[in-house]
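Notes follow once the structure below has been shown.
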């Protein structure tokens, strides 16, 4: 029986999608994302001119750090691409490995279709590992587990 499964490993700066068509098949990396603004200096990503002050104004949105805005935008982009990929690839399950707090932000941006196939989530950052090491760690720790943890 063929079971199409995917795993996503992600953090605030990078995400990698792996797929396989059966339990015996190895994980194959099919897509990756890199947050381009994360490599810029903070002063390069700041949109308001130097010396500009909003002091004394009311009714403005609460201040958010540039890093937080980047992370939210990246989560939105990855979630949108996962929705498109699901429409093409039709996975039965998606397992998500992501750092904290990116995991929560990513899950908040997932479409209902993608949320339905998320079988488990793990607060782990495996983005820097090569594919064979991800496969090895997944088989050793998670291949026998089942059930939703979101």
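General remarks:
- Peptides 101-112, 80-91, 129-140 ordered by packing proxy, namely the average of other Cβ atoms within 10 Å per residue, highest first: 101-112, 80-91, 129-140.
- Note on the stretch 63-138: Kirkwood hydrodynamic radius from all Cα pairs is 13.4 Å, rounded to one decimal.
- Model label zone, residue 34; criterion: amide N under 14 Å from point 7 Å along Cα-to-beta-carbon; scope the stretch 117-144: 128
Computed from the coordinates by the stated procedures, all read-outs in this text should not be read as laboratory data. This structure is a prediction, so every number in the text was calculated from the model and none was measured. A quick note on method: Cβ atoms are made from the backbone with ideal geometry, for glycine too, and the neighbour counts reach across all protein chains shown.
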